[in-house]
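Engineer: If you scroll down you'll find the structure; I have some questions about it.
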Ligand SMILES: C[S@@+](CC[C@H](N)C(=O)[O-])C[C@H]1O[C@@H](n2cnc3c(N)ncnc32)[C@H](O)[C@@H]1O
């Protein structure tokens, strides 16, 4: 029997048992700093800066390595004024989702993104655009793992409102969140790196084409765009697999799928996609062929492509970096990763 590669996400027995041990609660950065704050009063500015830098690193490392359970143990204060049109339950749902995407390295749909980004990019000193940043989980991940500045842009006011509250509660300075429709108000800055994590499949194709052109024009000379998305043939491309546990459900007759979603329908945090049905109907059925047409027309080219399948995880080191995306194997690709640059 082939040996499971050490990069697999399956836990070892020890890790599994460890997961059941009670964990100490997460210590917020401020609490850690406040313990020593009085000792700082007589020190000079350089000593103070070093102290804060050191503690920032420690706390960011703690914050970036939590399990989902530990993330859920973090209590989020409810702001006196909730974002307009949002219930307390929706707010908590949203902020917990964002926290998990930020702090849990194995967050379900983002763990391969995170692994690849760590392997491929050094964002220190870089100006980063997180396009379609949603509630900011990945934006906070970029901003607390590297010494970079991040601009988080999203068209959805509810998502940006949650992201801003989380940023404020955590006192993270190197992010600017902005609700913006870039077709109405085009970007004016240049970026070294643009990320689109799970965004491209949510935008109607003609609009996506215009956005990609604009993003290409917003790159510095060596700037790159990293796009990640589940292709339509993927077992989980329907985005409703957490409630309808049928892989490739999107290939059943539309009426049948809509009836199944109707039964499980519930509100989501979002002005644009405000429930499961709207989220499903908003998908553009993106695949590699469709995105390549857009890439070509935007005068961009592919610097790197990875098609991730479960076989990459289970096949040992031989299969780890192979793109298994031809013929029927393309139905096993759970996520596509494209690094783009200007031609
Ligand atoms: C599935 S979420 C991904 C959020 C985030 N990137 C993440 O990884 O958690 C897709 C996001 O794309 C945003 N979006 C859709 N169309 C957009 C557009 N035209 N401009 C900016 N953001 C858009 C949605 O509002 C939503 O927040």
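Engineer: Among (1) near the ligand (Cβ under 8 Å from one of its atoms); (2) part of a helix (DSSP H, G or I); (3) touching a helix residue (DSSP H, G or I) at 6+ places or on another chain (Cβ under 8 Å), where does residue 207 come up short?
Structural biologist: (3)
Engineer: Being surrounded by 13 or more Cβ atoms within 10 Å (Cβ to Cβ), assigned to a loop (DSSP other than H, G, I, E, B) and touching a helix residue (DSSP H, G or I) at 6+ places or on another chain (Cβ under 7 Å) is the filter here, so list the residues in the range 249-283 that pass it. I'd like the intermediate steps shown before the answer.
Structural biologist: Initially, the range 249-283 is screened for residues surrounded by 13 or more Cβ atoms within 10 Å (Cβ to Cβ), giving 249-252, 257-258, 260-261, 265, 267-280, 282-283.
After this cut, where a residue has to be assigned to a loop (DSSP other than H, G, I, E, B) as well, the list is 252, 265, 268-274, 282-283.
The answer is 265, 268, 269, 270, 271, 273, 282, 283.
Engineer: Go through (1) more than 8 Å from the ligand (Cβ to nearest atom); (2) closer than 19 Å to residue 167 by Cα; (3) within 12 Å of the chain's Cα centre (by Cα); (4) not in a helix (DSSP H, G or I) one by one and return the number of the condition residue 106 breaks.
Structural biologist: (2)
Engineer: Going by the structure shown, is residue 295 modelled with pLDDT of 95 or more, in a helix (DSSP H, G or I), more than 16 Å from the ligand (Cβ to nearest atom) and in contact with a helix residue (DSSP H, G or I) (Cβ under 9 Å, 6 or more places away or on another chain)?
Structural biologist: Taking the combined requirement at face value, the residue satisfies it.
Engineer: Yes or no: the range 216-230 includes at least one residue that is touching a residue at least 60 places away in the same chain (Cβ under 8 Å), surrounded by 20 or more Cβ atoms within 10 Å (Cβ to Cβ), near the ligand (Cβ under 9 Å from one of its atoms) and not in a loop (DSSP other than H, G, I, E, B).
Structural biologist: Looking through the range 216-230, at least one residue is touching a residue at least 60 places away in the same chain (Cβ under 8 Å), surrounded by 20 or more Cβ atoms within 10 Å (Cβ to Cβ), near the ligand (Cβ under 9 Å from one of its atoms) and not in a loop (DSSP other than H, G, I, E, B).
Engineer: Taking the range 124-173, which residues are without any contact (Cβ under 8 Å) to a residue 40 or more places away in the chain, in a helix (DSSP H, G or I) and buried (at least 24 other Cβ atoms within 10 Å of the Cβ)?
Structural biologist: 139, 143
Engineer: Working only within the range 98-123, note down all residues that are surrounded by 22 or more Cβ atoms within 10 Å (Cβ to Cβ) and under 30 Å from residue 181 (Cβ atoms). It would help to see each step written out before you state the result.
Structural biologist: Here is the first cut: in the range 98-123, the residues surrounded by 22 or more Cβ atoms within 10 Å (Cβ to Cβ) are 98-99, 101-104, 110, 117.
Correct list: 98, 99, 101, 102, 103, 110, 117.
Engineer: Could you tell me which of the residues 286, 340 is buried (at least 16 other Cβ atoms within 10 Å of the Cβ), part of a strand (DSSP E or B) and touching a strand residue (DSSP E or B) at 6+ places or on another chain (Cβ under 8 Å)?
Structural biologist: 340
Engineer: Moving to a separate point now. Look at residue 316 and say whether it is more than 20 Å from the chain's Cα centre (by Cα), free of Cβ contacts under 8 Å to residues at least 24 places away in the same chain and at positive phi. Steps first, answer last, please.
Structural biologist: Numbers: more than 20 Å from the chain's Cα centre (by Cα): yes; free of Cβ contacts under 8 Å to residues at least 24 places away in the same chain: no; at positive phi: yes.
Judged against the criteria, residue 316 is not a match.
Engineer: Still on this model: Please state which one of 138, 193 is on the phi < 0 side of the Ramachandran plot, touching a helix residue (DSSP H, G or I) at 6+ places or on another chain (Cβ under 7 Å) and either modelled with pLDDT of 95 or more or near the ligand (Cβ under 7 Å from one of its atoms) (or both).
Structural biologist: Values: 193 fails: touching a helix residue (DSSP H, G or I) at 6+ places or on another chain (Cβ under 7 Å).
One residue alone meets the criteria, 138.
The values are calculated or read from the model by the stated rules, or taken from the named source; none is laboratory data. Please read all numbers here as calculations on a predicted model, not as lab measurements. Cβ atoms come from the backbone with ideal geometry, glycine included; neighbour counts cover every protein chain shown.
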